[in-house]
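To start, the structure under review is shown below, and the notes come after it.
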There are 2 protein chains.
Amino acid sequence: MPLNTSEKTVGRLSLYRRLLQELSTASVSYVYSHQLATKAGVTAAKLRRDIMAIGYTGSPSKGYDVVKLAESIAHFLEDPEGQPAVIIGVGNLGRAIMSYFGGRRPKLQLVAAFDSDEKKVNRVIHNIRCFSADSLEEYIVQNSIKVAVITVPVTQAQNVADILVRSGVKGIMNFAPIHLRVPSDVFIEDIDLAISLEKVAYFARQNKQKKEA
Amino acid sequence: MPLNTSEKTVGRLSLYRRLLQELSTASVSYVYSHQLATKAGVTAAKLRRDIMAIGYTGSPSKGYDVVKLAESIAHFLEDPEGQPAVIIGVGNLGRAIMSYFGGRRPKLQLVAAFDSDEKKVNRVIHNIRCFSADSLEEYIVQNSIKVAVITVPVTQAQNVADILVRSGVKGIMNFAPIHLRVPSDVFIEDIDLAISLEKVAYFARQNKQKKEA
DNA sequence: TAAACATTGTTAAAATATTCACAGCAGTAT
DNA sequence: ATACTGCTGTGAATATTTTAACAATGTTTA
Ligand SMILES: NC(=O)c1ccc[n+]([C@@H]2O[C@H](COP(=O)([O-])OP(=O)(O)OC[C@H]3O[C@@H](n4cnc5c(N)ncnc54)[C@H](O)[C@@H]3O)[C@@H](O)[C@H]2O)c1
Ligand SMILES: NC(=O)c1ccc[n+]([C@@H]2O[C@H](COP(=O)([O-])OP(=O)(O)OC[C@H]3O[C@@H](n4cnc5c(N)ncnc54)[C@H](O)[C@@H]3O)[C@@H](O)[C@H]2O)c1
């Protein structure tokens with residue numbers, strides 16, 4: 001399997017897996033590319049190409065084995081050892097995220113939160129304990145954390161990113177509206193909701209649809 | 001100016017504008033493409049190409065006029081009449097979003113929230129009043145709402161989307177992890193945080209960087 | 001004044017991503 | 001058996017996006 005799987009393909013594989021798990025729960029055993037593609041909102045050809053990337057092979061007559069394909073994607077996406085993650089900034093957004101990711105996926109769990117506000121320290125929110133921001137570096141190093149979520153105010157985001165990088169974090173989901181400067185081996189996923197909303201507003205006026213329905 | 005500006009370009013234009021406003025606040029009058037590009041985390045060539053899309057022209061010696069370019073982008077992105085928006089689902093995420101977008105941009109404001117939980121109705125959260133979900137359709141029609149944010153549970157999202165579309169909404173920012181079925185003239189921006197986090201975790205393991213640092 | 005310089009706007013090239021289209025295959029029907 | 005069906009996997013074609021490259025241009029300097 002190629003080392004250079006694109007960001008888009010990785011994202012869609014994650015989506016396919018979710019849909020496969022739903023199918024599995026609904027006791028569906030096999031699914032055709034066009035069926036899964038429809039659920040995902042992509043074309044069948046694109047889906048088959050994505051699946052090619054992980055080297056899984058379906059049957060021309062029965063389609064894809066729901067459970068096997070889901071496992072195959074999981075094997076591709078997940079670290080079998082698990083990847084604990086932390087979140088920094090227990091404000092409005094941070095708490096919402098914590099409620100969402102609390103105990104969501106065994107291999108990818110939020111294990112700790114950090115905040116500089118002493119009033120929040122030691123509180124347990126949605127099963128995740130909040131620690132002092134002062135202990136961030138130590139915690140990351142000691143627990144070999146590689147994945148982090150930044151939900152601090154924009155003025156603090158680069159600061160926090162610097163600490164994370166220094167401590168060994170290799171992937172950051174960043175909600176602060178700022179371009180973080182990090183070494184090139186650290187992956188940043190920016191979630192910029194202001195931009196997203198402006199896009200929606202713009203295309204709502206254009207009455208222009210996305211590529212695939 | 002071409003009718004077919006890509007989604008990516010529109011998103012980046014929104015980003016440039018934010019940076020220009022920051023520069024303007026800092027009393028900077030002119031900026032070169034490579035300076036603005038660095039702030040945005042993109043290449044200068046890409047930025048110049050994006051700006052080409054809106055037909056603005058800078059000066060080879062002084063670069064771009066900060067205020068004029070910001071206005072030019074605003075003129076391109078925004079409806080001069082303003083575009084009121086609504087949010088449906090005043091839960092953990094909905095409230096965080098409301099706090100973020102409350103009175104953010106004059107031309108693009110969250111003017112109302114809707115929830116099916118009667119306990120939330122009539123509460124005012126971050127200056128936005130919460131109405132009963134029963135009044136959603138009427139409100140949208142009467143106020144000619146074209147932009148909406150969906151933060152209801154996944155089981156309710158398609159339901160809500162159907163109501164929105166029926167009432168005339170043309171752009172939806174959707175946080176529910178489901179592919180919404182809507183007519184092709186309705187623009188959907190899916191924000192799928194579970195997928196985003198899985199991407200981060202995957203690339204954190206690969207130690208692979210994004211295209212531009 | 002003219003040469004040197006750094007920047008823009010834009011065309012052309014390259015890189016990515018998507019879609020097409022079909023060979024090959026496993027069932028099923030005849 | 002043999003023909004038929006509808007699927008997958010994939011090479012080739014197409015579309016989109018990014019990057020490179022440079023002529024044109026205004027500014028500064030000598
Ligand atoms: N609320 C939203 O829906 C939303 C949407 C998009 C983006 N954002 C961005 O997300 C970030 C957080 O937004 P919010 O609404 O939750 O803000 P918030 O003010 O409610 O929360 C920020 C939290 O970060 C903590 N904090 C500040 N500095 C810190 C530090 N150095 N280390 C650790 N913790 C620190 C604060 O004590 C506070 O609890 C901001 O950058 C905002 O722009 C928020
Ligand atoms: N919390 C997060 O950070 C987060 C992150 C990503 C995605 N999401 C998604 O966003 C959505 C909301 O998440 P949440 O954590 O805020 O959930 P939540 O349960 O806290 O809030 C959902 C709200 O929607 C309301 N609601 C339910 N049905 C409704 C209807 N038909 N009309 C109007 N309102 C209705 C509920 O009363 C509730 O207030 C979910 O689809 C979730 O998957 C949440």
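The values are calculated or read from the model by the stated rules, or taken from the named source; none is laboratory data. Just so it is clear, the structure is predicted and the values come from calculations on it, not from any experiment. Because the Cβ atoms are built from the backbone with ideal geometry, glycine has one as well, and the counts that use them run over all protein chains shown.
For the reader, a short list of remarks on this structure follows.
- Taken residue by residue, the stretch B:198-210 has no member that is within 9 Å of ligand 2 (Cβ to nearest atom) and either loosely packed, with under 14 Cβ neighbours inside 10 Å or modelled with pLDDT of 95 or more (or both).
- Restricting attention to the stretch A:74-100 and to residues that are within 8 Å of chain B (Cβ to nearest Cβ) and without any contact (Cβ under 8 Å) to a residue 24 or more places away in the chain, the residue that is surrounded by the most Cβ atoms within 10 Å (Cβ to Cβ) turns out to be A:96.
- Unmet requirement for residue B:179, which otherwise passes all of (1) within 19 Å of the chain's Cα centre (by Cα); (2) within 30 Å of residue A:21 (Cα to Cα); (3) away from DNA strand C (no atom under 16 Å from the Cβ): (3)
- Within the set B:186, B:182, B:160, the sole residue that is over 30 Å from residue A:148 (Cβ atoms) and away from chain A (no Cβ under 13 Å) turns out to be B:160.
- On inspection, residue A:148 qualifies as crowded, with 20+ Cβ neighbours inside 10 Å, within 11 Å of chain B (Cβ to nearest Cβ) and either touching a residue at least 60 places away in the same chain (Cβ under 8 Å) or within 16 Å of ligand 2 (Cβ to nearest atom) (or both).
- If only residues of the stretch B:25-50 that are surrounded by 17 or more Cβ atoms within 10 Å (Cβ to Cβ) and of a type in the set (S, T, N, Q) are counted, the one that is nearest to ligand 1 (Cβ to nearest atom) is B:35.
- Test: residue in the stretch B:168-182 that is touching a Ser or Thr at 6+ places or on another chain (Cβ under 9 Å) and touching a residue at least 40 places away in the same chain (Cβ under 8 Å): yes
- Residues of the stretch B:51-68 satisfying the condition of being within 22 Å of residue A:177 (Cβ to Cβ) and in contact with a Leu (Cβ under 6 Å, 6 or more places away or on another chain): B:66
- The residues of the stretch B:90-136 that are away from ligand 1 (no atom under 16 Å from the Cβ), among the basic types (Lys, Arg) and either not assigned by TED's automatic domain parsing to the domain that holds residue B:148 or not in a strand (DSSP E or B) (or both), listed by number, are B:107, B:119, B:120, B:123.
- Residue tally, condition part of a helix (DSSP H, G or I) and more than 20 Å from residue B:41 (Cα to Cα), over the stretch A:138-162: 6
- Flag for residue B:72 being at pLDDT below 95, out of contact with any strand residue (DSSP E or B) (no Cβ under 8 Å at 6 or more places or on another chain) and small (Gly, Ala, Ser): no
- Among (1) crowded, with 18+ Cβ neighbours inside 10 Å; (2) within 14 Å of another protein chain (Cβ to nearest Cβ), the one test that residue B:115 misses: (2)
- Scanning the stretch B:187-208 turns up at least one residue that is of a type in the set (A, V, I, L, M, F, W, C) and over 30 Å from residue A:184 (Cβ atoms).
- Residue that is among the hydroxyl-bearing types (Ser, Thr, Tyr) and out of contact with any Gly (no Cβ under 8 Å at 6 or more places or on another chain), where the choices are A:144, A:184, A:196: A:184
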